[in-house]
Structure formats: structure tokens, C-alpha cells
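Worksheet: the structure to be examined is printed underneath.
The values are calculated or read from the model by the stated rules, or taken from the named source; none is laboratory data. What you see is a predicted model, and the numbers here were worked out from it, not measured in a lab. Positions of Cβ are backbone-derived with ideal geometry, glycine not excepted, and every protein chain shown enters the neighbour counts.
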Amino acid sequence: MAPLVMRPERPQMKPMDLTQLRPNVGIVLVAPTGKVWLGRRARTAPPHNWQFPQGGIDAGEGDFEAALRELREETGVSSVRLLARTRDWIGYEFPPEHQGSKIGKGWRGQKQIWFAFGFTGDEGEIDLAAHGDVEFDAWRWAELDEAIDQVIAFKRDTYRQVIDAFAPVIHQVKERGL
């Protein structure tokens, strides 16, 4: 299966000013069964503290390289195959009550290119402590559409777009495997 470039469907709304958003990548890791990897964010309160891996793009780094690096740092996973990616940025703004370090650096939110990677390794490869800064303290395989109810509210529109973009890819994996 060749990688697909997906354009998420977006309802007609005022375009977001992407210049104020931190460049970032998001990753949907897909098991051979078609289920996707969700991690529980460390040091955050339930119930909406599960999400896909994501992280910033370093200066001079391409988005694909950033996605592979972030996936490896946050999950320990490096055995993957590219299935698809979004063509355009998907952005979200932090809510006014958000007090994260990115706001302190002047960012109003994040803009993300999303990647769907097929997991070709063994679950023993998953190591949440692979990097010094632990992002997740637990993980599980889930259906793609479960993610929307598990993530924090201000990321839900982004997750809807990602789910819409990658649902055909997940369907193919469920029918044909990786």
C-alpha cells in the first residue's frame, strides 16, 4: 500500500492564523489489526488525558523526521511504515486557562502535520521511558474513533479532522493488513 496524502475535511469557518501556532507533528500509530495507539499523558488528571503522540518540529528538521523522532522518544517505537499524512496543517489554539510552557514562549496554539504509521514491530519495543522526559505513563490499543472522547476538549476538533482523514487508511488496514 503506497502512502496517501490526505486532506482532512473541515467545516466552513474563519481560517485560523497559523503564524501564531507552534509547528508540530502528530502521529497515529496503527497496529496490524487496525487499532490505534493511545497514550495516557503523565502528570495529568483523568478522564480526558489520553492522546496520540505529538511534538514540536526542531529548527532545521523536516516534518517526517520530526514524526519519527517524536514517536521514538515518546513510545520507544521505531519499527514503522508510512501509511498516510495530512497535506495541510491542522491547527488548534490553547484555551485561555491553559498555562503550558508553549504559551510562555509566545505561541497561541499548535499547527500540526499528521502521520499515520503502520506498526511493524513487536509490542516489546514499546518503551514509555525511552526518552528522559516521560510523556505517557500507560498505553493501549483502541478503535480510531475512541480517541475523540479520550482527548482534552481543546484538541477535539483537531482529532475529528485526523479521524476523518485517516479513517479510510484504517479501514484498508482492517481489511488487508499492513
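Some notes on this structure:
- Leading residue by the ranking (farthest from Thr75 (Cα to Cα)) among those in the range 117-175 that are basic (Lys, Arg) and touching a strand residue (DSSP E or B) at 6+ places or on another chain (Cβ under 8 Å): Lys155
- Neighbours by Cβ (under 8 Å, 6+ apart or cross-chain): first from the range 147-164, within 21 Å of Ala84 (Cβ to Cβ) and touching a residue at least 12 places away in the same chain (Cβ under 8 Å); second among the charged types (D, E, K, R) and assigned to a loop (DSSP other than H, G, I, E, B): Gln161/Glu9; Gln161/Arg10; Asp164/Glu9
- Selection of the range 122-134 for residues being touching a helix residue (DSSP H, G or I) at 6+ places or on another chain (Cβ under 9 Å) and at pLDDT 95 or above yields Glu125, Ile126, Asp127, Leu128.
Residues checked against (1) surrounded by 19 or more Cβ atoms within 10 Å (Cβ to Cβ); (2) at pLDDT 95 or above; (3) β-branched (Val, Ile, Thr):
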{"residue": "Phe119", "(1), (2), (3)": "yes, yes, no"}
{"residue": "Arg140", "(1), (2), (3)": "no, yes, no"}
{"residue": "Ile152", "(1), (2), (3)": "no, no, yes"}
{"residue": "Val169", "(1), (2), (3)": "yes, yes, yes"}
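- Assessment of the range 131-140 against the conditions (over 13 Å from the mean Cα position of the chain (by Cα), at positive phi and not β-branched (Val, Ile, Thr)) yields no matching residue.
- Restricting attention to the range 25-58, the residues being buried (at least 17 other Cβ atoms within 10 Å of the Cβ), part of a loop (DSSP other than H, G, I, E, B) and either free of Cβ contacts under 8 Å to residues at least 60 places away in the same chain or among the β-branched types (Val, Ile, Thr) (or both) number 1.
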